[in-house]
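The block underneath contains the structure these notes are about, expressed in C-alpha cells.
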Number of protein chains: 2
Amino acid sequence: MDFSSFLTSLVTSFLIFVVLMLLFTWLSRRPGNAVVYYPSRILKGLDPWEGGSATRNPLAWMREAFSSTEQDIVNISGVDSAVYFVFLGTAFGILLLSGVVLLPLLLPIAATDDSIKRAQDTTSNGTFGELDKLAMGNVRKRSSRLWAFLISTYWVSFVSYYLLWKAYLHVSRLRANALMSPEVRPEQFAILVRDVPSVTEGQTIKEQVDSYFKDIYPQSYYRSLIATDNKKVNKIYEELEGFKKKLAHAEAVYAESKKSGKPEGSRPTTRTGFLGLVGKKVDSIEYCNEKINELIPKLEAEQKGTLREKQQPAALVFFTSRVTAACASQSLHAQMVDKWMVSEAPEPRQLIWPNLKIKFFQRQIRQYVVYVIVALTIFFYMIPIGFISALTTLDNLKKILPFIKPVVNIAVLKTVLEAYLPQIALIIFLALLPSLLLFLSKQEGIPSESHAVRAASGKYFYFTVLNVFIGVTVGGTLFQSFKSIEKHPNSIVSTLANSLPGNATFFLTFVALKFFVGYGLELSRLVPLIIFHLKRKYLCKTEAELKEAWSPGDFGYTTRIPSDMLVITVVLCYSVIAPLIIPFGVVYFGLGWLVLRNQALKVYVPSFESQGRMWPHIHIRIMASLLLYQVTMLGYFGVKEFFYMPLLIPLPILSLLFAYVCAKKFYRSFADTALEVTSKELKETPNMEQIFRSFIPPSLSSEKVDEDQYEDALSQASRVG
Amino acid sequence: MDFSSFLTSLVTSFLIFVVLMLLFTWLSRRPGNAVVYYPSRILKGLDPWEGGSATRNPLAWMREAFSSTEQDIVNISGVDSAVYFVFLGTAFGILLLSGVVLLPLLLPIAATDDSIKRAQDTTSNGTFGELDKLAMGNVRKRSSRLWAFLISTYWVSFVSYYLLWKAYLHVSRLRANALMSPEVRPEQFAILVRDVPSVTEGQTIKEQVDSYFKDIYPQSYYRSLIATDNKKVNKIYEELEGFKKKLAHAEAVYAESKKSGKPEGSRPTTRTGFLGLVGKKVDSIEYCNEKINELIPKLEAEQKGTLREKQQPAALVFFTSRVTAACASQSLHAQMVDKWMVSEAPEPRQLIWPNLKIKFFQRQIRQYVVYVIVALTIFFYMIPIGFISALTTLDNLKKILPFIKPVVNIAVLKTVLEAYLPQIALIIFLALLPSLLLFLSKQEGIPSESHAVRAASGKYFYFTVLNVFIGVTVGGTLFQSFKSIEKHPNSIVSTLANSLPGNATFFLTFVALKFFVGYGLELSRLVPLIIFHLKRKYLCKTEAELKEAWSPGDFGYTTRIPSDMLVITVVLCYSVIAPLIIPFGVVYFGLGWLVLRNQALKVYVPSFESQGRMWPHIHIRIMASLLLYQVTMLGYFGVKEFFYMPLLIPLPILSLLFAYVCAKKFYRSFADTALEVTSKELKETPNMEQIFRSFIPPSLSSEKVDEDQYEDALSQASRVG
C-alpha cells in the first residue's frame, strides 16, 4: 500500500466519522429519538437533556463526557464500567507516553537511513512505500542507530509496567470502595453453597443445610434458599407471560381499530398453531384470556411442587452480617473439599440456576473439556468452516433443501452464491463465535453471568490475537516456509518478525477504520435507531412493547474488551517497528474513552455488576500482549543482526516477574472480599426478609405464593431460633 | 554378586539383628537402663514395665506393639506418629499385596526361560548369578511371557492407588478427629498475623492490631500478643539459666565432696574466661551467685524494654471461639494481600519467632532462592565436595593449620589420611545435609518448626532418590554412554532401564542391611545407652542434668521419612523387574512398623504436633516414586522390544490424574481447618488467659514480670470491651 492510497483510506474513514457525528447531532436533538439516545437517563427518571434539546451545543456531549468524574460513572453505570474506563485510560496513557518519546526520537533516525533504497536498488522486487521509510525496516542491519530502537523497547515496557501498576492499585481501591459502601446489597449477605452431600434418611435438603450452618454460625445464620429444578415452572411462567403480552397487544389493536375504523371495532384474531401461522382461527382476546386462566392454577401447582419436590443439592445461605458472609465464603467448611463447597453469592439477577446443581468433580471435568474444545476451535477453526462450506456448496444444498432449486438456478445468483458461500460461512461463524464461547463457558458450570462473560471474553481474546493478528501477519509467509520451520522451530519468531514491517500499513488502516467508523456508528446508534422506528411503526402496540423496543442493552464486554485488546496488542507490537501507528492507537483509545463515556452516561444499562472482578483478566491479557511484543522485538532485532540484541532478554523475564508480583499482591482481593472492607458500617439495619426475597427467581415469586406456602423451601431457623 | 556371597551378607545381617535383639532383651530388663528404654513412659509418670522387669517374656514388647491400637498411639505419641504408622502400614500393604501376586506368577515364568544362558553362551562376558535367573532379565526379547510382567505392572499400580486412596481417607479422618477433640488446644484459638502495615503517627503496633481486629470481630476478639525482637532478652535469659545450672552443679559437687572427702568439703572452682578454661580462678558457687544476682535485674529491664520498644510487625491474635479463629485464619483481611496476612497459629512450642517479622515479598524471594540453592546442591553436590576435598588435601591443611604438621608427618597416618580425606569430606557433607536443609528451610521464613521439618524432609527425599537410587543405578553406565545420550535424549530412560537389572542384588542387600542392622540398632538403642552411661558417670551431678542426659528426642522425621521413601522407591522400581526384592521390602516395613511402634509407645517424645499435616507431602512423594517406576517400566519394556509396550502409556497418565484428584479432594483440609470440625463442642469453657499465656516465650514470662508490666504488649481489649 503506497502513501496516496493510505491517505485516501484515512480521509474516507474520517469523512464517514464526520458524517456520523453530524447525524448524531441532528438525530439526538429530535425528542422522538430521545429513547434511543438517552435510554439510561430515561430509565432512571431523569430529563434526557440537561438543558433544552434545540439550544444545545452540538459538542455538548463531549463537554459532558469530559466533565464527568469517575464517581459519576460508578453512580450511573456501576463499577464495572468505571473499570472499563480505567482500562481505556491506561491503554491511552501507555500509548501517549510511548508516542511522546518514540515519535520524535525514532522517526528522524529511521527516515535518514537508506536500507530500503539500497535494497530496491539491488533487488528491485520490493514494493515499499513512503511510509515504510519511517519505520525500523529502513535502518541498516547492524547499524548503531538500532540502539535508539532498543532503548525505545525498554521505554515502552517500563511505561506499561508503571501505568499498569497504578491502574491495578486504582481499580483495587475502586473495588474496595464499592464493597464497603454503606448501601445494603443482598449478595453481600449471602453465600452460595454447592455440593450439598446426599441427605440422610427422613431429612430434606433444606433441613440438612439449615442444621449444618446453624451449628457452625449459631449467632449470625439467618436462613437458606434451596436451589430447585425450575425448568418446568419457568416454562409455564414464560408461557403465561407470553399470553399476558399477547392479550395486552390484542387489546391495544382492538382499541385502535375502534378509533380508526368502525366504532364497534374489529376484534383481532389469531391461529392456535405454530407461531400463529397455522391452525384454527380464534378471537385473540378470548383465546388469551382463556389460556391465562388455564395457566395460572397450573403455575401455582407447579410452584408448590417445585419447592417441595425438586430441591437440588445447592443453596443460598443468608447471614445477618456482611463480615460473617464474607468470612464464610472463603473458609473450608467440610473436611472433604467436594462437599459443602462455598463461594461468594453473585447478584440475584446473575445467578445461573441450572448450573448450581453440578457437582465439584463434574465441574472440573467440564472445565477441561471446554478448554480442549476452545483450544481446538482457536487453532483449527478453518477446518469446521471448510467442512461447512464443503457442505454448503450449491449442489449439496440443492440435495438437502430441494425447494431452493428454482431460486439458485438463476445464472447470476448462482455465480454470486458459489463465489461467496465459503466467505458467508466464515462470516456467520465469526458472528456466532462470541455466543458459542459464552455458551461453552456456561457449560463449565460457572454459577454467575458475569463470570461466564469474563471467561468467554478471555477465550475470544486468544482467538482474535492468534487468528487476526498472527494470522494476518504471518499469513502466507508461514505456509510457504513451513518446511524450514519444521527443521528449525525457533525460526517461528524470526518469521513473525520478518513479516511484521510489511503489514504495518495494513494495521494502521485497520485501527483507523476501527475508530472512525466503529466509534462513529457507536455514537450515532444508527442501527438501534432504525430498528426502533421500524418496530414502533409496525409491531409495538403497548407501552411495554415500546419499552422493550428501545431497551439499550449493556456494554457487551464479551466482544468489546477483546476487540480493544486486539488494538492494543497490534499497536504495542508495532510501536517500535513502525512508530507511526502510535498516534492511531492514541486516537483509538482517546476517542473510545470519549464516545463510550457518553454511552455509559446516557445509553447503556449494565445487566450485572461484578465490582470490577474483570480487571485481573484484562491485566493479565495486557501482560500477554506486552510479552508478545517483547518476544517479537527480540526476533526482529535478531533479523537486524544487532549485536547487542541479548540486552533485550531481561525484558520478557521482567514481564513475567511483574505479572507474578501483581497476581500475588492484588489478585486475591478480586477473588475474595477482604474482611476489613465489609466491616464498615451500614447505612441502615438490613431488612433480611427483603434480602432473602430478592434471590427468589421471578417464576417462583408470584404474589399468590405467599409466606406459609413458601416455608417448604425456606429455613425453619427463624421459627426455631 | 553371586548367590553365595549374597547369602553370606544376608546371614551376617540377620545374625547382627539377633545379637542386637538379645542385647535389647537383656539390657532393657535392668532397672538402671529404664530411662533409656522407657523414657516416654517415665516422663508421663507411668511404670516403665507393665508387669515386673525380670519375669517379662523377652518378646513381650512385640505383643504390646501388636496389641496397641491407633488410638493408643494418638494418645501417647500424637497424630503425627499415627500418620507415620499409616505410611508404614500402607507401604507394607502395597508390597504385600503386590508380592502375593507377583512372586508365584513371575518367578516361575522368569526361571524357566533362558535368555541369560544364551547370552552367556554366545558372548560369555556377562557375570550373571543365580539370582538374576529369577528376574525379568532372563526372559527373551519379544517373548509373549512379557505379558505377565505387563499385567504385573498394572497390578502393582492399582494396588498402590487403592491403598493410597484408603490411607488418605483414613488420615483425613484422623486429622478431623484430632481437630474436633473437645480438649482445649491454645493454637485453635489463635491466628498468626504477619505483615502488619507500618503504624500511623502516635500509635503502637499493638494498638493498631487491636483496633483492626476489634472492628472486624467485635464479639469474639479476645486480645493480641505482638511479636518482639527477643534476641537480646533470649541471650540474657540463656546466660542466667546457664549460671543457674552451673550453680546447681557446683553445689552438688560441693555436697558430694563433703560426703566423700573432708567433712568441710572442697569448694569447686572455675575460671572466668573462655569455656572455663582460661582466666582468673574463682569460687564457682560464689561466682555463679554473683552473676545470677547481676543478671536478674538486667533481664527484667530488658524484658520491659523488649515489650515496649522492640515490637515487630507480626502478632498472634486470640479469639474466644474455635470457629471464628479457623474462619479468620482462612479469610483475606486486607485489600492488599501483602498486608495483614493471616494463617493458622502453630503450637506455641513450634513458633519460630525470628521468622515472624519477615515480610510477604521477602518470604517469596527467600523461598525461590532456597529452591535454587537446593536444586543446585542436589544436582551438583559433587562439586562443592570436590572443592572441599581439594581444599583439604594434606598440603593445604598444613598451610592453613600449621600446628597439625607434626601429627600428619607420621608416615602411616599420612597415607591413610591422603586416601580417606575425600571420602571423609563426603561423609561429613552427607551427615550435615539434613541440618543444612533444615537450616535452609527455616531461612524461607516459615513460621513453624513442623512446617520447616516437612520442607526439609521433602528436599532430602529428592536428594536421596536422585543421588542414591539413580546415581547408583545408572552410575558409570551413564557416563560412558554420555555421547549417545546427547544425540538421543530419550535414551536416558532406556539407559536407566538397561542398567536396572544388574543392580537388583545390590539393592536387595541394601534393603536387608537397612532393616536388620538399622532396626536392630534402633530397638537396642546402643548408642544412646552408652552416651547416657558415660554422661551419668562423668558429667551429671544434678537431677536436671541427668534428665537431660536421657531425654529421648523425637522421631526425627527429617531423615526418617526420606530414608523409608528411598526403600519404597527402590522396591517399587524393582518389583516387576526382580520380584525377589518384594519380600525384603515387606520385611522392612513390617519390622519397621513393629520396632517403631515400640519406640513410639515407650521411647520417643514428639517435639511438635502438626495434626497429620505431613501426610500430603508423603502422599505426593509416593506418587512420584510410582511415576518413576512406571516410566522405568516403559523404558525396560522398550529394551525388551515388547510389541505391546504402548499399553503401559496410560499408567503414568492415570497416576498424574490420581494425584490431581487426591490433591483436589483432600489437600485443602490439610492446609486449612474445616469449620464443621471446629464447631464441635468443647469439654470445658476455655480459660482464655491461660491460652494467651501459653504463647509467651519463656524468656519473657518470668514470674517477676507481672500483669501490669505486660500490658504494654497486650491488648487493651479486655479493659475497654
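Residue by residue through the range B:214-264, note down the ones that are assigned to a helix (DSSP H, G or I) and of a type in the set (Ser, Thr, Tyr).
B:TYR237, B:TYR254, B:SER257, B:SER260, listed by residue number.
Among the residues of the range A:4-23, write down those that are closer than 14 Å to A:GLY520 by Cα and either touching a Lys or Arg at 6+ places or on another chain (Cβ under 6 Å) or among the polar types (S, T, N, Q) (or both).
Within the range A:4-23, A:THR12, A:SER13 meet the criteria.
Can you find, within the range B:333-346, the residue that is surrounded by the most Cβ atoms within 10 Å (Cβ to Cβ) among those that are in a loop (DSSP other than H, G, I, E, B) and more than 12 Å from chain A (Cβ to nearest Cβ)?
Going through the qualifying residues, I end up with B:ALA345.
Just the residues that are on the phi < 0 side of the Ramachandran plot and in contact with a Phe, Trp or Tyr (Cβ under 7 Å, 6 or more places away or on another chain), please, taken from the range B:539-556.
Passing the criteria: B:ALA549, B:TRP550, B:PRO552, B:ASP554, B:PHE555.
Of the residues that make up the range A:203-213, is at least one in a loop (DSSP other than H, G, I, E, B), out of contact with any helix residue (DSSP H, G or I) (no Cβ under 6 Å at 6 or more places or on another chain) and away from every other protein chain (no Cβ under 14 Å)?
Checked the range A:203-213: at least one residue is in a loop (DSSP other than H, G, I, E, B), out of contact with any helix residue (DSSP H, G or I) (no Cβ under 6 Å at 6 or more places or on another chain) and away from every other protein chain (no Cβ under 14 Å).
Could you list, in sequence order, the residues of the range A:211-246 that are within 32 Å of the chain's Cα centre (by Cα) and of a type in the set (Val, Ile, Thr)?
Across the range A:211-246, the qualifying residues are A:ILE226, A:THR228, A:VAL233, A:ILE236.
So which pairs qualify, if the first residue must be in the range A:319-332 and in contact (Cβ under 8 Å) with a residue 24 or more places away in the chain and more than 8 Å from chain B (Cβ to nearest Cβ), the second must be part of a helix (DSSP H, G or I) and of a type in the set (Val, Ile, Thr), the Cβ gap must be under 8 Å, and the two must be at least 6 apart or on different chains?
Final answer for the pair search is A:ARG322/A:THR678; A:ALA325/A:THR678.
Return only the number of the condition from (1) within 20 Å of B:PHE506 (Cβ to Cβ); (2) loosely packed, with under 12 Cβ neighbours inside 10 Å; (3) modelled with pLDDT of 90 or more; (4) of a type outside the set (Phe, Trp, Tyr) that B:PRO104 does not satisfy.
(1)
Which of the residues spanning the range A:85-116 are of a type in the set (Val, Ile, Thr) and either under 26 Å from A:MET623 (Cα atoms) or in contact with a Ser or Thr (Cβ under 8 Å, 6 or more places away or on another chain) (or both)?
Passing the criteria: A:VAL86, A:THR90, A:ILE94, A:VAL100, A:VAL101.
Based on this model, can you work out whether B:LEU316 counts as under 30 Å from A:TYR221 (Cβ atoms), more than 14 Å from chain A (Cβ to nearest Cβ) and modelled with pLDDT of 85 or more?
Details: under 30 Å from A:TYR221 (Cβ atoms): yes; more than 14 Å from chain A (Cβ to nearest Cβ): yes; modelled with pLDDT of 85 or more: yes.
So B:LEU316 fits the description; yes.
Filtering the range B:352-381 down to residues that are out of contact with any Lys or Arg (no Cβ under 9 Å at 6 or more places or on another chain) and not in a helix (DSSP H, G or I), which residue is surrounded by the most Cβ atoms within 10 Å (Cβ to Cβ)?
B:TYR381
Quick one: what pairs do we get from the range B:152-178, first residue within 11 Å of chain A (Cβ to nearest Cβ) and among the charged types (D, E, K, R), second crowded, with 18+ Cβ neighbours inside 10 Å and part of a helix (DSSP H, G or I), C-beta under 9 Å, 6+ apart or different chains?
From the range B:152-178, the pairs are B:ARG175/B:VAL79; B:ARG175/B:VAL83; B:ARG175/B:TRP615; B:ARG175/B:SER669; B:ARG175/B:PHE670; B:ARG175/B:VAL677.
Which fully enclosed helices (runs of 4 or more DSSP H) of the range A:505-585 have 3 or more residues being β-branched (Val, Ile, Thr)? I'd like the intermediate steps shown before the answer.
Numbers: elements: A:519-524, A:526-538, A:543-550, A:557-575.
Because the criterion is at least 3 residues that are β-branched (Val, Ile, Thr), the helices (runs of 4 or more DSSP H) in the range A:505-585 that meet it are A:526-538, A:557-575.
Go through (1) more than 14 Å from chain A (Cβ to nearest Cβ); (2) basic (Lys, Arg); (3) assigned to a loop (DSSP other than H, G, I, E, B) one by one and return the number of the condition B:ARG349 breaks.
Status for B:ARG349: all satisfied but (3).
If only one of A:TYR636, A:TYR644, A:TYR629, A:TYR604 is surrounded by fewer than 17 Cβ atoms within 10 Å (Cβ to Cβ), in contact (Cβ under 8 Å) with a residue 24 or more places away in the chain, away from chain B (no Cβ under 14 Å) and of a type in the set (Phe, Trp, Tyr), which one is it?
A:TYR644
Got a number for residues in the range A:156-174 being among the polar types (S, T, N, Q) and under 15 Å from A:SER625 (Cα atoms)? Spell out how you get there, then give the answer.
Narrowing the range A:156-174 to residues among the polar types (S, T, N, Q): A:157, A:160, A:172.
Next cut, under 15 Å from A:SER625 (Cα atoms) only: A:157, A:160.
Residues meeting the conditions: 2.
Of the residues that sit in the range A:179-195 and are touching a helix residue (DSSP H, G or I) at 6+ places or on another chain (Cβ under 6 Å) and within 14 Å of chain B (Cβ to nearest Cβ), which one is farthest from A:ILE358 (Cα to Cα)?
Applying the filter and picking the extreme gives A:MET180.
Looking at the range B:660-698, which of its residues are more than 14 Å from chain A (Cβ to nearest Cβ) and assigned to a helix (DSSP H, G or I)?
B:MET688, B:GLU689, B:GLN690, B:ILE691, B:PHE692, B:ARG693, B:PRO698
Which residue out of A:SER266, A:SER224, A:SER198 is crowded, with 19+ Cβ neighbours inside 10 Å, away from chain B (no Cβ under 14 Å) and touching a residue at least 12 places away in the same chain (Cβ under 8 Å)?
Numbers: A:SER266 fails: crowded, with 19+ Cβ neighbours inside 10 Å; A:SER198 fails: crowded, with 19+ Cβ neighbours inside 10 Å.
The unique qualifying residue is A:SER224.
Tell me, which residue of the range B:129-144 that is surrounded by 18 or more Cβ atoms within 10 Å (Cβ to Cβ) and not in a helix (DSSP H, G or I) is modelled with the lowest pLDDT?
So the residue we want is B:ALA135.
Within the range A:300-322, how many residues are part of a helix (DSSP H, G or I) and surrounded by 21 or more Cβ atoms within 10 Å (Cβ to Cβ)?
Counting residues in the range A:300-322 that are part of a helix (DSSP H, G or I) and surrounded by 21 or more Cβ atoms within 10 Å (Cβ to Cβ) gives 5.
Taking the range A:329-356 only, how many residues are out of contact with any Cys (no Cβ under 6 Å at 6 or more places or on another chain) and under 22 Å from B:ARG668 (Cα atoms)?
Matching residues across the range A:329-356 total 17.
The values are calculated or read from the model by the stated rules, or taken from the named source; none is laboratory data. Keep in mind that this is a model prediction, so the values were computed, not measured. A quick note on method: Cβ atoms are made from the backbone with ideal geometry, for glycine too, and the neighbour counts reach across all protein chains shown.
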